[in-house]
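A quick write-up on the structure given underneath.
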Amino acid sequence: MENQYFQNEYQSIFSSLDRRAAGRIYKRDIIQVMEENGVLLEGLRIQQKLDEYTSEQPIQFFEFIEIIQKNMTLFKKAARGELVLKNFNSFSKKVSQIYEDTMQINSGAVASYIPELKRVNPNEYAVSICSIDSQQIHLGSVDTPFCIQSTCKPINYCLAVDEHTSDYVHQYVGREPSGRGFNELTLNSEGLPHNPMINSGGIMSCSLIQPQLSVNERVAYVLSKWESLSGGFFPGLNQAVYLSEKETADRNFALGYMMKEKKAFPKNVNLEDVLDFYFQSCAIEQTTKRLSVVAATLANSGVCPITGNRVLESSTVKNCLSLMLSCGMYDYSGEFAFNVGLPAKSGVSGVLMVVIPNVMGLAIWSPRLDLLGNSVRGVSFCKQLIENFNFHIYDSLLSQDPKYDPRRPQNEKKVNGVRKLFEAVRNGNINEIRQLSSQGIDLNSKNYDFRTAVHIAATENQVEVLQYFIEHSVVLTTKDRWGNTPLDDAKRNHNEDAVKLLLTFD
Ligand code: GLU
């Protein structure tokens, strides 16, 4: 039974791609479904299978199933328009426009307090988006690596919480915005870092991750987690930035000693090791392409959308996003939460990682920073995104929100209306048919198999409904995908009354 259902489900998808109803499709038909929905084939099993076919080679149903087998759910959702970003093309166009607009902004300055960071090209600009269904948009220098700097903090925090528990970790670090600079020499009233998103808290998270291992082993552990978070890409580590930061890290050493003096660390912590581990975490390299997948993994409650593997516990991700929302954007965190309303973390390299829970992750990289240390273009991009799309966590409260929601299909109202119309016809509910018509639903509408409400009425022998359609001049002779008119359907089902009625109009 289940098998039959499965067969029918995929047969309908196959038929929808089979333009001439010839029982075969081509490689380009499969590629088109994925591309139109923004799903990159690169790295997917479908791609490997498709490589076995030439462009002219016909693909039959059983071969189609073999090709999509390893990415079946993803393909099914794409073919049926069920991926989270429904209107991918128009969304993607708007995002490109925002990218072009914000590219014109040239204010701000590259961070220079870590000497090696100054060497970056200030004009770099990359934006990557990855949805929880792995739909992707990449604009600009998306393959150029940069150091993640403070964006290591949310991830290190998650690793510490997953390893211990939230309660344990928060014995060592608070949850309150500090209201002070990210590296200021200040602790909360209990002598602990205010939160894990500023330097003192970032150093504290490092002290909690795999403390029994050597620094090198701890770094390797964190790198392997980044590999899983980004869908299987082992990141690099920028030695020059690491050494440069270590040489000029008096402030971070001062923060470390201040915490040590207050006995803030767990027992037996070797401060030099912890700081070394922290500097190396900050020097991890990512591209926006990879970092957007990391952000999407957070948006997807800890499951990487590319591999489908759980990397972090969902409760950990929830805690982390709460802290990113309140503390992730330096001294602009409150403003950002107010105006943009999304959890985010920025870093002094000009990176910005933004999470739209249950929708997508964004990675933006543009090295020029404002006075508070956030990427100027990055912040402006987020503001424009929120002006256009209802992604602010509280946008859903606005009943008359004029913003566009890319999670809903543009023609959702129409599709639902036609579905209701067919159901009303099947039930012979003329009252509802009249109501739907007065709501503007076209009684001549066709579904994806080109079947009309008249086909349904003829098949179900709903004579009164047919009468109603005749009185309202609905077209009675439309042919469906298989070339059948409503009269053909009535005959095939031996619906004498319907046949008689329709014959008079044939
Ligand atoms: N490695 C940098 C520091 O500790 C990170 C700062 C940041 O990106 O906020 O100063």
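The values are calculated or read from the model by the stated rules, or taken from the named source; none is laboratory data. Keep in mind that what you see is a predicted model, and the values were worked out from it rather than measured. Cβ placement follows ideal geometry from the backbone for every residue including glycine, while neighbour counts extend to all protein chains displayed. Areas reflect the complete protein model, heavy atoms only, side chains present, ligands, DNA and RNA absent. Shrake-Rupley method; radii C 1.70, N 1.55, O 1.52, S 1.80 Å.
A few points about this structure:
- Among the residues making up segment 326-335, those that are over 14 Å from residue 196 (Cα atoms) and in contact with a Leu (Cβ under 8 Å, 6 or more places away or on another chain) are 331, 332.
- The set of residues in segment 176-186 that are farther than 20 Å from residue 347 by Cβ and open to solvent by less than 30 Å² (accessible area, probe 1.4 Å) contains only 186.
- Residues satisfying the criterion are absent from segment 220-229 (criterion: part of a loop (DSSP other than H, G, I, E, B), open to solvent by 30 Å² or more (accessible area, probe 1.4 Å) and in contact (Cβ under 8 Å) with a residue 24 or more places away in the chain).
- Any hit, segment 296-319, residues being within 27 Å of residue 112 (Cα to Cα), assigned to a helix (DSSP H, G or I), touching a helix residue (DSSP H, G or I) at 6+ places or on another chain (Cβ under 8 Å) and open to solvent by 40 Å² or more (accessible area, probe 1.4 Å): no
- Residue match in segment 147-168 (condition: on the phi > 0 side of the Ramachandran plot, assigned to a loop (DSSP other than H, G, I, E, B), open to solvent by less than 60 Å² (accessible area, probe 1.4 Å) and within 16 Å of the ligand (Cβ to nearest atom)): no
- Condition check for residue 173 on (1) more than 26 Å from residue 289 (Cα to Cα); (2) more than 15 Å from the ligand (Cβ to nearest atom); (3) open to solvent by 10 Å² or more (accessible area, probe 1.4 Å): one failure, at (3).
- In the set (1) on the phi > 0 side of the Ramachandran plot; (2) open to solvent by 40 Å² or more (accessible area, probe 1.4 Å); (3) under 16 Å from the mean Cα position of the chain (by Cα), residue 134 fails one condition alone, (2).
- Identity of the residue in segment 110-144, out of contact with any helix residue (DSSP H, G or I) (no Cβ under 9 Å at 6 or more places or on another chain) and within 16 Å of the ligand (Cβ to nearest atom), that ends up farthest from residue 41 (Cα to Cα): 118
- In segment 353-374, of all residues being in contact (Cβ under 8 Å) with a residue 60 or more places away in the chain and within 16 Å of residue 122 (Cβ to Cβ), the one that is nearest to the ligand (Cβ to nearest atom) corresponds to 373.
- From the options 383, 345, residue that is over 20 Å from residue 286 (Cα atoms), among the basic types (Lys, Arg) and touching a residue at least 40 places away in the same chain (Cβ under 8 Å): 383
- Residues that are in contact (Cβ under 8 Å) with a residue 40 or more places away in the chain, of a type outside the set (Phe, Trp, Tyr) and within 14 Å of the ligand (Cβ to nearest atom) do not occur anywhere in segment 260-270.
- Boolean, residue 268 is assigned to a loop (DSSP other than H, G, I, E, B), over 19 Å from the mean Cα position of the chain (by Cα) and of a type outside the set (A, V, I, L, M, F, W, C): yes
To keep it simple, each residue is scored yes or no on (1) in contact with a helix residue (DSSP H, G or I) (Cβ under 9 Å, 6 or more places away or on another chain); (2) of a type in the set (Val, Ile, Thr); (3) assigned to a loop (DSSP other than H, G, I, E, B).
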| residue | (1), (2), (3) |
| --- | --- |
| 417 | yes, no, no |
| 422 | yes, no, no |
| 428 | yes, no, yes |
| 442 | yes, no, yes |
| 458 | yes, no, no |
| 470 | yes, yes, no |
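- Scanning segment 327-342 for residues that are more than 16 Å from the ligand (Cβ to nearest atom) and either open to solvent by 10 Å² or more (accessible area, probe 1.4 Å) or on the phi > 0 side of the Ramachandran plot (or both) returns 334, 335, 337, 338, 339, 341.
- Residue match in segment 231-241 (condition: open to solvent by less than 20 Å² (accessible area, probe 1.4 Å), within 25 Å of residue 184 (Cα to Cα) and in contact with a helix residue (DSSP H, G or I) (Cβ under 7 Å, 6 or more places away or on another chain)): yes
- Scope segment 1-56; condition assigned to a helix (DSSP H, G or I), open to solvent by less than 40 Å² (accessible area, probe 1.4 Å) and of a type in the set (Asp, Glu); matching residues: 9, 29
- No other residue among 339, 388 is over 15 Å from residue 95 (Cβ atoms), touching a residue at least 24 places away in the same chain (Cβ under 8 Å) and not small (Gly, Ala, Ser) apart from 339.
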